[in-house]
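Every number here is computed from the coordinates shown, using simple stated rules; none is lab data. Please read all numbers here as calculations on a predicted model, not as lab measurements. Glycine also receives a Cβ, built like all others from the backbone with ideal geometry; neighbour counts cover every protein chain displayed.
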Amino acid sequence: MTSRERVMKAMRRETPDRIPFDFPNGFAPAVMEVFRQHTGLEDPYDYFGADVRYVGGGGTKCPIDFSKYHPNLPPHAWIDEWGIGHQPTKSTEEGHSHLEGFLYPMLELHAKEDILNYPLPDVEAEYRYEHLPAQVRALHDKGVCVTGCMACTFYEIAWYMRSMELLLMDFVDNQEFAEILLDRLLEKRIIQAKFLVESGIDILQLGDDIASQRGMMMRMSMWRKWFKSRMETVIQTARKVNPDILVFYHSDGDCTEAIPDLIEIGVDILNPVQAECMDGPMLKKIFGDRLSFWGTIGTQTTLPFGTPEGVRQEVKVRMETMGQGGGLCLGPTHMVEPDVTWENLTAFVDAVNEFGRYW
């Protein structure tokens, strides 16, 4: 069975030859350096035999000048194509690539005209996706499953620009501003999803971190009002192009309360099922006939602070409690960070091969 066949069978809640596995958030730069030292190679996905690869649109050829939104940009900070400022921190200097500080370009915007005039990147430009069909075909020829990336779909990209505090306040006392912002994002996401699915990907990755480890960041009524129908529109767009596309939804934290709604709008796969705050076996029992699970191996506990034997046992438990009948792709619940030892990393892959066989 090829990796692609394995993943698709498992995510459709059928029984493959073994549980597929993946590194869905990749490797921090410091971990990549350790990998190079141990192997002399550059691609850990190929080396470990991961079953999934990730693709996305290319960069812009039309950069936007956001200097007026960042009049006092700190030294060493940089601005991405959405106008979001990124401030390096001690953690990023130590090799934790995703722990930067944010500089919000929309802090001083308040009126309808402000948000209508804010420049958004040309993510709908065809030239960004010209490489994708050939890239997807090449990966399929290797036998791996291909996921198209469109995470941080609405909530996260919006608060990265606006700040979380102001965005949540907008939902209450500046609703026209919030509606225009999210509708402008929806226009972009619809076109992105169409291009990604047309390229031949197997899985469309959507999602936002809508939960903390103590539950949802907002009431379900607020999530339903602002995000549910917009996410459903993106999913419907994808399925008009390919009715068989699988939809992957990412949210860190404990998003259990949102799961019935996610299933209702067409989500097939939930990631990462954070082991420190979600009861994976319970979710399997309640939702396992309608939802598959991706991740589950703790990056706050077992991988960084456990032993190789502890990693081995966690994989075994996941197989026994969540792997039966398919519906599980194992992987770290977030990026592999510098505090994960090489021994624990290899123990994870070895354990999948030892315990993940269905026959």
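If you restrict to DSSP beta bridges whose two residues both lie in the chain, what percentage is antiparallel, to the nearest 5?
Looking only at bridges with both residues in the chain, the antiparallel portion is about 25 percent.
How big is the convex hull of the Cα atoms of the chain, per residue, in Å³?
Taking the convex hull of the Cα positions in the chain, it is 138 Å³ per residue.
How fast does region 64-139 diffuse by Stokes-Einstein, in µm²/s, taking the Kirkwood radius from C-alpha pairs at 10 °C and 1.306 mPa s?
Stokes-Einstein gives a translational diffusion coefficient of 106 µm²/s.
Below 18 Å, Cα to Cα, which aspartates and glutamates can Lys188 reach? Residues fewer than 8 away in the same chain don't count.
Partners within reach: Asp80, Glu81, Asp122, Glu124, Glu126, Glu130, Glu156, Glu179, Glu198, Asp208, Glu232.
Shape verdict for region 113-171, please, from the Cα gyration tensor: rounded (a/c under 1.5), prolate (a/b greater than b/c) or oblate.
Oblate, since a/c reaches 1.5 and b/c is not below a/b.
Where a ≥ b ≥ c are the square roots of the eigenvalues of the C-alpha gyration tensor, would you call region 217-264 rounded, which needs a/c under 1.5, or, failing that, prolate if a/b is larger than b/c, or oblate?
prolate
For Phe21, Phe348, which order do you get if you count the other beta carbons within 10 Å of each Cβ and list the fewest first?
Least to most surrounded, the residues fall as Phe348, Phe21.
Please give, to one decimal in nm, the separation of the simple spin-label points placed at Ser67 and Thr307, each 7 Å out from Cα toward the Cβ.
In this crude label model, Ser67 to Thr307 measures out at 5.9 nm.
Show me the GluC sites (Glu not before Pro) within region 1-74 that DSSP assigns to loop and that have at most 12 other Cβ atoms within 10 Å of their Cβ.
Hits after loop and neighbour filter: Glu14, Glu42.
Taking the Cβ of each residue in Ser212, Ser3 as the centre, tally the other Cβ atoms inside 10 Å and list the residues starting with the fewest.
Sorted ascending by nearby Cβ count, the order is Ser212, Ser3.
What shape does region 7-68 have by the C-alpha gyration tensor, where a ≥ b ≥ c are the square roots of the eigenvalues, rounded means a/c under 1.5, and otherwise prolate means a/b greater than b/c and oblate the rest?
Taking the square roots of the gyration eigenvalues as a ≥ b ≥ c, region 7-68 is oblate.
Across every pair of different alpha-carbon atoms, what Kirkwood hydrodynamic radius in Å does region 240-359 reach?
That comes to 14.8 Å for region 240-359.
What is the order of Lys285, Lys316, fewest Cβ neighbours within 10 Å to most?
Lys285, Lys316
Obtain the radius of gyration and the Kirkwood radius of region 14-126 from its C-alpha atoms and give Rg over Rh.
1.09
Taking the Cα-to-Cβ direction at Glu276 and at Asp183 and moving 7 Å from each Cα, how far apart do the two end points lie in nm?
In this crude spin-label approximation the distance works out to 4.0 nm.
In whole Hz and in residue order, list the ³J(HN,Hα) couplings for region 105-110 that follow from phi through the Karplus curve 6.51 cos²θ - 1.76 cosθ + 1.60, θ = phi - 60°; x for Gly and Pro.
Each residue of region 105-110 in turn: x, 9, 4, 9, 8, 9 Hz.
Quick check on region 143-261: what does the Kirkwood estimate of hydrodynamic radius come out to from the alpha carbon pairs, in Å?
Every distinct Cα pair counted, the radius reaches 14.9 Å.
Starting from the Cα coordinates of region 50-184, work out the convex hull volume and express it per residue in Å³.
Hull volume normalised by residue count: 143 Å³.
Taking a threshold of 32 Å on the Cα-Cα distance, which of the pairs Lys112/Lys228; Lys9/Lys90; Lys90/Lys284; Lys90/Lys228 fall above it?
From the list (Lys112/Lys228; Lys9/Lys90; Lys90/Lys284; Lys90/Lys228), the Cα-Cα distance tops 32 Å for Lys9/Lys90; Lys90/Lys284; Lys90/Lys228.
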